[in-house]
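The values are calculated or read from the model by the stated rules, or taken from the named source; none is laboratory data. Remember, it's a predicted structure, so these values are computed and weren't measured experimentally. Here the Cβ positions follow ideal geometry from the backbone for every residue, glycine too, while neighbour counts run over all protein chains shown.
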Amino acid sequence: MLKFKILLILTAFMILISGCISNSENAEKETLVVGITPECYPINYMDAGIHSGFEIEYITGIAEKMNMEPEFRIYEFANLLHAVETNRVDCAISLITVTPEREELVVFSKSYINTTSIQVVDKNTGIETVDNCTVGVIKGTVQDGCAMRLKENHEFILYKYRTTTELERAFDQEKINVMIVDEIYFEYVLYPENNNLTSIFECPFGENISIAVNKENTELLSDINNAITELEEDGTYDNLKNKWLLNE
């Protein structure tokens, strides 16, 4: 009987120790608060209420390399960098293009995607230029800046929308007849839904897409860049690109 009691005590002790070790390991993982605008399949979107896409798995992999867990917070794109700048989030990832103006607000990680902006029209309209057209963009995006530069040499009416849903609805309702969007968004979202769409102009410069970090958080920026390098070296980055069709 004594041996049996000792065995029970030892078993309970081992379970307690195991639980403490497990809790200790979980407690060591800090949270990486990530600002996102989940509106672009297959990059960053919601699938039945679940965060999905290349960027979601990419930033999750980065967080894991840093022994952290990502926590996603949704913002309109125009408010993403402000959330980083005011430390409401640790970083932001949502096809954020590096520009000199944005570098005055935040710092950027190593680039992980290169893309460009294009003007999209319904090919049945015969439109070949933005002149005398109604043009729509998402407010605060690099496409917004592209439209403003175009206005220096072209005459058109510009409408700025908060979300891609609003932009597409305006186009479908013929409130606008030109959209300036990211090439990836056109290829994977717009064109598959409507193959009457075509591009009439590509901005004459590429766009480096990076993760935005608060200027004062240089340690986090360094950790993110180190994690990016690890993902590139161990093949995870290429696997994610292949999975989400970005290597076509």
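Descriptive notes on the structure:
- For segment 163-180, filtered to residues that are in contact with a strand residue (DSSP E or B) (Cβ under 6 Å, 6 or more places away or on another chain) and not β-branched (Val, Ile, Thr), the residue that is farthest from Thr125 (Cα to Cα) is Leu167.
- Residue, farthest from the chain's Cα centre (by Cα), within segment 31-49, restricted to residues that are within 24 Å of Asn114 (Cβ to Cβ) and of a type in the set (A, V, I, L, M): Val34
- Failed item, numbered, when Met66 is tested on (1) surrounded by 22 or more Cβ atoms within 10 Å (Cβ to Cβ); (2) within 24 Å of Trp244 (Cα to Cα); (3) modelled with pLDDT of 95 or more: (1)
- Residue satisfying all of: in segment 199-211; outside any loop (DSSP other than H, G, I, E, B) and not charged (D, E, K, R); modelled with the lowest pLDDT among these: Phe201
- Restricting Thr236, Thr165 to residues that are farther than 24 Å from Pro70 by Cα and either of a type in the set (Val, Ile, Thr) or assigned by TED's automatic domain parsing to the domain that holds Arg102 (or both) narrows the list to Thr165.
- Screening Leu197 against (1) closer than 30 Å to Cys91 by Cα; (2) touching a Leu at 6+ places or on another chain (Cβ under 8 Å) leaves a single unmet condition, (1).
- Screening Thr31 on (1) part of a loop (DSSP other than H, G, I, E, B); (2) of a type outside the set (A, V, I, L, M); (3) at pLDDT 95 or above shows it passes everything except condition (1).
- Among residues of segment 70-108, those that are more than 17 Å from Ile138 (Cβ to Cβ) and surrounded by fewer than 22 Cβ atoms within 10 Å (Cβ to Cβ), counted: 15
- Of residues in segment 231-248 being crowded, with 17+ Cβ neighbours inside 10 Å and of a type outside the set (A, V, I, L, M), the one modelled with the lowest pLDDT: Trp244
Every residue, every condition in (1) outside the structural domain of Lys110 (by TED's automatic domain parsing); (2) buried (at least 16 other Cβ atoms within 10 Å of the Cβ); (3) modelled with pLDDT of 95 or more; (4) on the phi > 0 side of the Ramachandran plot, yes or no:
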site	(1), (2), (3), (4)
Glu174	yes, no, yes, yes
Val178	yes, yes, yes, no
Asp182	yes, yes, no, no
Glu193	yes, no, no, no
Leu197	yes, yes, yes, no
Val213	no, yes, yes, no
Ser222	no, no, yes, no
Asn226	no, no, yes, no
Thr229	no, no, yes, no
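- Subset tally (residues that are outside any loop (DSSP other than H, G, I, E, B), hydrophobic (A, V, I, L, M, F, W, C) and crowded, with 19+ Cβ neighbours inside 10 Å) for segment 114-149: 9
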